[in-house]
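For reference, the structure is listed below as C-alpha cells.
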Amino acid sequence: MVFEILAKPIDKIKADLTVVFVVDKNLKHKFIKDAKIFKFLGFDGVGSCLVQESKTLYIGLKTLEYEQLRLAGAKAYEIIKNLDVKNVKLNSYLAGCDKMSFQSIVEGFALGSYEFNRYKEKKESCKLKNVTFSTDEFDGKEIDLQKAQIGLNNAQIIANATNFTKDIVNEIPEIYTPLKMAQDAQNLAKELKNVTCKVYDEKFLQKEKMNAFLAVNRASCHPPRLIHLIYKPKNAKKRIIFVGKGLTYDSGGLSLKPADYMCTMKADKSGAAAALGIIKGVSEMELPFEIHAILGATENMIGGNAYKPDDVLISRSGVSIEIKNTDAEGRLVLADCLSYAQDFKPDLLIDMATLTGACVVGVGEYTSGLMGVNDELKEEFHKCVKISGELTTPLYFNEHLKELIKSPIADVSNAASSRYGGAITAGLFLEKFIKDEYKDKWMHQDIAGPAFVQKAWGYNQAGASGAGVRMNLYYLNALAKEMK
Ligand code: BES
Ligand code: ZN
Ligand code: ZN
C-alpha cells in the first residue's frame, strides 16, 4: 500500500472510493453527502456505511483520539479489502488535524492489513494499492504538509516494524529455530543502515560462563544463539540496550506444561522478535541513539540431558540459582543476557519477555507489565506511550515479595514459594542480575499477555500483535524530541 498526501481539493483527486470519517452524530457536515439515505441504510454515525451510488464509505468515529483513528483506519481497510477498489481518497474533517492524526490513520490501515497466510491454501487477495489524503478540506484549518508527511512516514515505519515482528512470532517452531533467528538478524543488518550483527554460538556461551542460558538449551536438538545487533548512527546521544527473551519453543522442560498451556508457546520468542522490530524501526527512522538488541535464542525441551528441578546453576554474574521449576526458564536466559548487556555500559537497559502467566492473570491479555527499581522510569514510560495504542501498567516491587525467591541452598530460587505476585517475583529475580550502577537505568517489560492473543482484538489479528515494538518506538521518538 502506498500512502500519500496531496494538496488538492478532494474532487480533483481520482480514486475508486472516497472514505469519510464521521465524527459527530448529527451527520450535517458538508462532507457528508448521503445523509438522506442513512436512515434507510440504518447508519446513525456508529459503525460504517458503504453507499454504492456515491462510491463513498462512511466510518463512524467515537472521538478524535489517536487510538480511535487507528481503529477507523483498520475498519476502513477491513471493508475495502473485499471490494474491487485499487485507490481510495480520504475526505475527513479531523479537527486540528495534526501530524499524529495522519500517523494514526495510516498505522490503522497498515496494522489492520497484516495477514499471516503462509500455511493457507487459499490466500485472501486485496486490490487496494493507494491511499491518498486530500489536505485542503480539513475544515479550513491550515495543515503543515511537511509535518503531515513525517507522520505518514513514521506510521509506515512503525507499522512495518510491528508487522515484521508479528511474522517472526507467528512462524512455527519447526521452522523458527535459534539458527533461523540468527539468520533473520543477520539479513536485517545487511538491509538496514548503520546496523551490524554478531552471532555467538554455544562455545562462546561456555567461555562466558552463561550456565543458566546453556542449562535451558541442554535438552534441545537445536543449538542456542546469542544474537547481538547494534544500530550506531554518527554522533549518537545515548546508548540504549534492549534484551529480548527468544524462546523459540517453551515446552516447560521437565516441569512439563499441560497440553493446553503448551499451545501458543511458539510465541515465547516475542521479546526477541520485538527487539528485532525495534532495530528495524530505529534504523529506518534514523533516531539519534546507539541502540543494541541482545537476543537469547533457545528452546526449552525435555530429554535425558535436560536440566532438572533441584539443580543449582552458577550464572554468568556468579549468582547461584536453585532450580525449582524448569518452566521458569525465561528468567534464566535473561539473567545471563542482562549480565552480558551491562558490559556495554547502557544509559538505559530494557528487557522484553513473555515471562509469566501471572502477568496475564493480573492485568489481562491486552496489557504489558512494567517493572524495575526505578518507579519514575516506569511511570514516565507508561504516560509517554499512552498514545502509541499499546497498553501498559507499572507493577511495583516490595520487600515482602523479595522473601519469596530466597533459596536455602543458593543465592536465589528461580520460582517463588507462593503463586501470588508471580509477575513481580519474576521481575525481582531479574533484579538480582542488575548491578547497582544500572538499577535505576533498567526496566523489565512483561509482554506475556498482548504478545499473542488467540482472538482478534481492536486492529490486531488473532495471533501475534508485535507487542513491545510500537510502545518502545514511540518512547524512543519522544526521547529524541526531548534531546533536540
Ligand atoms: N513462557 C512462559 C510464560 C507465559 C505464559 C507466556 C502464558 C505467555 C503466556 C514462562 O516461561 C513460564 O512458563 N512461566 C511460568 C513461571 C512459573 C513456573 C514460576 C508461569 O508463568 O507459569
Ligand atoms: Zn516456561
Ligand atoms: Zn517461557
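Which residue, chosen from Tyr474, Asn130, Thr298, occupies the Cα position most advanced towards the positive end of the dipole of the chain, where the dipole is computed from +1 (Lys, Arg) and -1 (Asp, Glu) charges on Cβ about the Cα centre?
The one lying farthest along the dipole's positive direction is Asn130.
Below 11 angstrom from the Cβ of Pro450, what's the summed charge of the other residues (Lys, Arg +1; Asp, Glu -1)?
Summing Lys/Arg as +1 and Asp/Glu as -1 gives -2.
Calculated from DSSP H runs of 4 or more alone, at -39500 (n - 2.57) each and per residue, what is the 222 nm mean residue ellipticity of the chain, nearest 500?
Computed ellipticity for the chain at 222 nm equals -10500 deg cm²/dmol.
Using the Karplus curve 6.51 cos²θ - 1.76 cosθ + 1.60 with θ = phi - 60°, work out ³J(HN,Hα) for each residue of region 211-221 in order, rounded to whole Hz, and write x for Gly and Pro.
6, 6, 4, 4, 4, 4, 7, 3, 8, 8, 7
Suppose every Lys and Arg Cβ carries +1 and every Asp and Glu Cβ carries -1, with no other charges. What dipole size does region 2-157 come out with about its Cα centre, to the nearest 20 debye?
400 debye
Indicate the gyration tensor shape class of region 189-329 (rounded, prolate or oblate), computed on the Cα atoms with a ≥ b ≥ c the square roots of the eigenvalues: a/c under 1.5 is rounded; otherwise a/b larger than b/c is prolate and the rest oblate.
prolate
Across region 2-157, how large is the tail of the calculated P(r) beyond 20 Å, expressed as a percent of all Cα pairs?
Roughly 47 percent, rounded to a whole number.
Using a 1.4 angstrom probe, figure out how much accessible area region 344-472 has per residue, in square angstrom, rounded to the nearest whole.
Spelled out: the 1.4 Å probe surface of region 344-472, per residue, equals 41 Å².
Which whole-Hz ³J(HN,Hα) couplings does region 67-81 yield from phi under the Karplus relation 6.51 cos²θ - 1.76 cosθ + 1.60, θ = phi - 60°, glycine and proline marked x?
Those phi angles translate into 5, 5, 5, 4, 4, 5, x, 5, 5, 4, 4, 4, 7, 5, 4 Hz.
Carbon-plus-sulfur fraction of the accessible area of the chain, 1.4 Å probe, in percent?
The C+S portion of the solvent-accessible surface of the chain is 50 percent.
Which chymotrypsin sites (Phe, Trp or Tyr not before Pro) in region 100-183 sit in a loop by DSSP (not H, G, I, E or B) and have at most 14 other Cβ atoms within 10 Å of their own Cβ?
Tyr119
Round to the nearest 10 and give me the degree value, 0 to 90, for the angle of helix 422-431's Cα axis relative to the longest principal axis of the chain.
60 degrees
Based on Cβ point charges of +1 for Lys and Arg and -1 for Asp and Glu, what charge dipole magnitude is obtained for region 77-226 about its Cα centre, in debye rounded to the nearest 20?
It works out to roughly 680 debye.
State in Å² the accessible area per residue of region 179-305; use a 1.4 Å probe, count heavy atoms of protein chains only, and round to the nearest integer.
I get 40 Å² per residue for this part.
Farthest toward the dipole's positive end in the chain, which of Thr393, Tyr77, Thr162, given Cβ charges of +1 (Lys, Arg) and -1 (Asp, Glu) about the Cα centre?
Result: Tyr77, furthest along the dipole toward the positive end.
Translational D (Stokes-Einstein, µm²/s) of the chain at 25 °C and 0.890 mPa s when Rh comes from the Kirkwood sum over C-alpha pairs?
104 µm²/s
Let's see if you can work this out: charge +1 on each Lys and Arg Cβ, -1 on each Asp and Glu Cβ, no other charges. What is the dipole magnitude of the chain about its Cα centre, in debye to the nearest 20?
Dipole magnitude for the chain comes out near 1100 debye.
Using a 1.4 Å probe on the protein heavy atoms only, what accessible surface does Met301 show? Give it in Å² to the nearest 10.
Estimated to the nearest 10 Å², Met301 gives 60 Å².
Counting only DSSP beta bridges with both residues in the chain, what percent are antiparallel, rounded to the nearest 5?
Around 35 percent of the beta bridges assigned by DSSP in the chain are antiparallel ones.
Among Gly244, Thr354, Val19, which residue has its Cα positioned farthest towards the positive end of the charge dipole of the chain, with +1 placed on the Cβ of Lys and Arg, -1 on the Cβ of Asp and Glu, and the dipole taken about the Cα centre?
Value computed over the given set: Val19.
Where does helix 330-342 land angle-wise versus the long Cα axis of the chain, in degrees 0 to 90, nearest 10?
90 degrees
Identify the GluC sites (Glu not before Pro) of region 170-253 meeting these criteria: DSSP loop state and at most 13 other C-beta atoms within 10 Å of the C-beta.
Taking region 170-253 and a limit of 13 other Cβ atoms within 10 Å, the loop GluC sites (Glu not before Pro) found are Glu174.
The values are calculated or read from the model by the stated rules, or taken from the named source; none is laboratory data. These figures come from a predicted structure and were not determined experimentally. Glycine gets a Cβ as well: all are built from the backbone with ideal geometry, and neighbour counts include every protein chain shown. These area figures cover heavy atoms from the full protein model, side chains too; ligands, DNA and RNA do not enter into them. Shrake-Rupley method; radii C 1.70, N 1.55, O 1.52, S 1.80 Å.
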